[in-house]
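Beneath this line is the structure, given in structure tokens, with notes to follow.
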Amino acid sequence: MSLYGLEDQPFKLLDESMATYKDLKIPCAAQVNEQWLEPLETEVAAAMTGGYDAVKQLDDIKLFQWAGKLLYGIIFNEIQSGIKLQHAQGEEFNISQSIILKFSQLHLMLQSINQPVHFEDFKPFSFFLFKVDNNEKEFGYRDEINTLTFSLRIKDFGLIICLQDNGANKMYHREVLLKIENKILHPIQFEEFCGRVFYSAYLFNRLPEYNILPVNNEIYIEAMPLRGISAKPLFDTWNNKTYGQVLESFWKNWGFLLLEIIKDPEHPMSFLFDAEGNFTDAATIELPR
């Protein structure tokens, strides 16, 4: 927060009240904070200060824990403000059962920070990391609470984590990843891929379920098959107009409008690939970083 001057930056909560980043707090046992959270924060901070190469060396489970704790903290504060607003209006606070289940499962998985929790032959997330030619002063952060998706673009890297998809989004984008992995991206290219992932996370139509087995003081988590008994694909049908609206939001810094993005509805504008589907070298893109 201090590096990018965020402490006093205001933003609006669900009850329309204003808060600053330094105001946000979540309850935590002092022992857990001192023994587990602070060391995790210190390790992640050191890696992020080191940039792409250092972040790449970090265990992705630790990045999942760090991002999950951050997103869970934001959710906690948003729901607290929502409850206050509804109660002030004499109404009960309502939240969908599927969202409650997602939050509960994330909360359980976050216990892996301070307890022996074992993920049995799976990872509960999709993780993407790219080297990005960023403006060194820019802080790019985005989250989507309903899909538990998170992105961060700072220093010389950008990362995206889908916190509750059991790796489904990584599989969904595997063909694109084969073309862009290990490439240096222009910020607009990273934001384009972000738009793809945030949109696919919205299209993901399964609610992951788990077998949870406590053994002595340890917890074993086994993922149930995502496909289950349904023949329906894991992702709903991709719609280029909706995707274009997502891109318009992600490309806000460069001012591209929806009509430009989907001028050809079958082939939305792309800075990642040319008309033949080949990767576009970031050095050839003449846009501000």
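The values are calculated or read from the model by the stated rules, or taken from the named source; none is laboratory data. Keep in mind that what you see is a predicted model, and the values were worked out from it rather than measured. So basically every Cβ, Gly included, is an ideal-geometry build from the backbone, and we count neighbours across all protein chains shown. Side chains are part of the model used for accessible areas, which takes the heavy atoms of the whole protein and leaves out ligands, DNA and RNA. Shrake-Rupley method; radii C 1.70, N 1.55, O 1.52, S 1.80 Å.
In the range 143-154, what residues are open to solvent by 10 Å² or more (accessible area, probe 1.4 Å) and more than 20 Å from Lys252 (Cα to Cα)?
Ile145, Asn146, Thr147
Looking only at residues in the range 257-289 that are open to solvent by 30 Å² or more (accessible area, probe 1.4 Å) and of a type in the set (Gly, Ala, Ser), which one is nearest to the chain's Cα centre (by Cα)?
This residue is Ser270.
When only residues in the range 225-250 that are among the β-branched types (Val, Ile, Thr) and assigned to a loop (DSSP other than H, G, I, E, B) count, which is surrounded by the most Cβ atoms within 10 Å (Cβ to Cβ)?
If we take residues in the range 225-250 being among the β-branched types (Val, Ile, Thr) and assigned to a loop (DSSP other than H, G, I, E, B), then Thr237 is surrounded by the most Cβ atoms within 10 Å (Cβ to Cβ).
Can you tell me how many residues in the range 177-206 are touching a helix residue (DSSP H, G or I) at 6+ places or on another chain (Cβ under 6 Å) and open to solvent by 60 Å² or more (accessible area, probe 1.4 Å)?
Qualifying residue count, the range 177-206: 1.
Can you name the residue in the range 105-142 that is in a helix (DSSP H, G or I) and polar (S, T, N, Q) and, of all such residues, is most open to solvent (accessible area, probe 1.4 Å)?
Gln111
Look at the range 1-56 and say how many of its residues are in contact (Cβ under 8 Å) with a residue 12 or more places away in the chain, of a type in the set (Gly, Ala, Ser) and either open to solvent by 90 Å² or more (accessible area, probe 1.4 Å) or closer than 23 Å to Phe128 by Cβ (or both).
Within the range 1-56, residues that are in contact (Cβ under 8 Å) with a residue 12 or more places away in the chain, of a type in the set (Gly, Ala, Ser) and either open to solvent by 90 Å² or more (accessible area, probe 1.4 Å) or closer than 23 Å to Phe128 by Cβ (or both) number 1.
Filtering the range 72-87 down to residues that are in contact (Cβ under 8 Å) with a residue 12 or more places away in the chain and over 21 Å from the mean Cα position of the chain (by Cα), which residue is farthest from Cys28 (Cα to Cα)?
Top of the filtered list is Leu85.
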